1. Which of the residues that make up the stretch 8-30 are open to solvent by less than 80 Å² (accessible area, probe 1.4 Å), touching a residue at least 60 places away in the same chain (Cβ under 8 Å) and either in a loop (DSSP other than H, G, I, E, B) or more than 15 Å from P118 (Cα to Cα) (or both)?
2. Among the residues of the stretch 102-122, is any open to solvent by 10 Å² or more (accessible area, probe 1.4 Å) and of a type in the set (V, I, T)?
3. Can you tell me how many residues in the stretch 174-194 are exposed (fewer than 14 other Cβ atoms within 10 Å of the Cβ) and either free of Cβ contacts under 8 Å to residues at least 24 places away in the same chain or within 16 Å of the chain's Cα centre (by Cα) (or both)?
4. Restricting to the stretch 151-168, what's the tally of residues that are in contact with a Pro (Cβ under 7 Å, 6 or more places away or on another chain) and under 21 Å from G122 (Cβ atoms)?
5. Just the residues that are assigned to a helix (DSSP H, G or I) and open to solvent by 10 Å² or more (accessible area, probe 1.4 Å), please, taken from the stretch 65-101.
6. Could you please give the count of residues in the stretch 174-192 that are closer than 15 Å to V109 by Cα and in contact with a Pro (Cβ under 9 Å, 6 or more places away or on another chain)?
7. Being over 12 Å from L60 (Cβ atoms), touching a residue at least 40 places away in the same chain (Cβ under 8 Å), open to solvent by less than 10 Å² (accessible area, probe 1.4 Å) and touching an Asp or Glu at 6+ places or on another chain (Cβ under 8 Å) is the requirement here; does I197 meet it?
8. Restricting attention to the stretch 173-185, which residues are farther than 12 Å from H117 by Cα and either touching a Leu at 6+ places or on another chain (Cβ under 7 Å) or of a type in the set (V, I, T) (or both)?
Amino acid sequence: MEPRVKHSWKLTEEEAVQLQQELARQVIAEDHLADVQYVAGVDVAYSKRSDKLIAAVVILEAESLRVAESIVVEDHVQFPYIPGLFSFRELPPVIKAFQQLNTPPQLIVCDGQGLAHPRRFGLASHLGVLFDLPTIGCGKTRLLGDFEEPGLDRGAMSSLIDQGEVIGSVLRTQDGIKPIFVSVGHKISLVTACDWILKLAPHYRLPETTRQADQLVNRVLGGTK
């Protein structure tokens, strides 16, 4: 798989912010999904001892949630730690992993944010625009916004709001378990994004896309220390 949109990754902080603002105008927050047979999970882990990072893309069968393919890329940090600009730090190795895939996904779930971002262009939106694919941001923690605690039952949700704008949903994926933060990445509506996250999280708090990718990067990282 090759990205449809390409840009330089050697950018200053100011240039990166400007690029985010430009690309954010391309985000589509409506459903443009084909028949989803494969769903990709994306995650990145960092070494505590060096500048090494591990990026993984795991492809799951949409119906069975079985792993169909997984790709791991080892790389080194090229962009500094700047809040709000994580995609410039994490996406270069993620793109390398996507380029090695034999099983193209029709939907991508990222361990991070989409529109729930100060400039409405988190990692999920960035990746979605680059590959022109539907993407969902699914974060373990909130980056910004206010919300009321959703009900305790699986499927309960409340709106995540920033400056009067709904930027995501706070979704309870399991009864009585801490909720997660779902936002539109690209080419999907918030309602459909939440439906997919529930479908991908039949037994655990996190969707299987995130669980499988997270386990893989940490396993590989642990073996390369």
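1. W9, L11, V27, I28, A29
2. yes
3. Final tally of qualifying residues: 2.
4. Qualifying residue count, the stretch 151-168: 2.
5. In the first step, residues of the stretch 65-101 are kept if they are assigned to a helix (DSSP H, G or I); the result is 86-99.
Across the stretch 65-101, the qualifying residues are F86, R89, E90, P92, I95, K96, Q99.
6. The initial filter retains those residues of the stretch 174-192 that are closer than 15 Å to V109 by Cα, namely 180-192.
Those still in the list that are in contact with a Pro (Cβ under 9 Å, 6 or more places away or on another chain) too: 180, 185-188, 192.
Adding up the residues that qualify gives 6.
7. Values: over 12 Å from L60 (Cβ atoms): yes; touching a residue at least 40 places away in the same chain (Cβ under 8 Å): yes; open to solvent by less than 10 Å² (accessible area, probe 1.4 Å): yes; touching an Asp or Glu at 6+ places or on another chain (Cβ under 8 Å): no.
No.
8. Here is the first cut: in the stretch 173-185, the ones farther than 12 Å from H117 by Cα are 173-180.
Within the stretch 173-185, T173, D175, G176, I177, P179, I180 meet the criteria.
The values are calculated or read from the model by the stated rules, or taken from the named source; none is laboratory data. Worth saying up front: this structure is predicted, and the values here are computed from it rather than measured. Please note: Cβ atoms are built from the backbone with ideal geometry, for glycine as well, and neighbour counts cover all protein chains shown. What goes into the accessible areas is simple: the full protein's heavy atoms, side chains included, and nothing from ligands, DNA or RNA. Shrake-Rupley method; radii C 1.70, N 1.55, O 1.52, S 1.80 Å.
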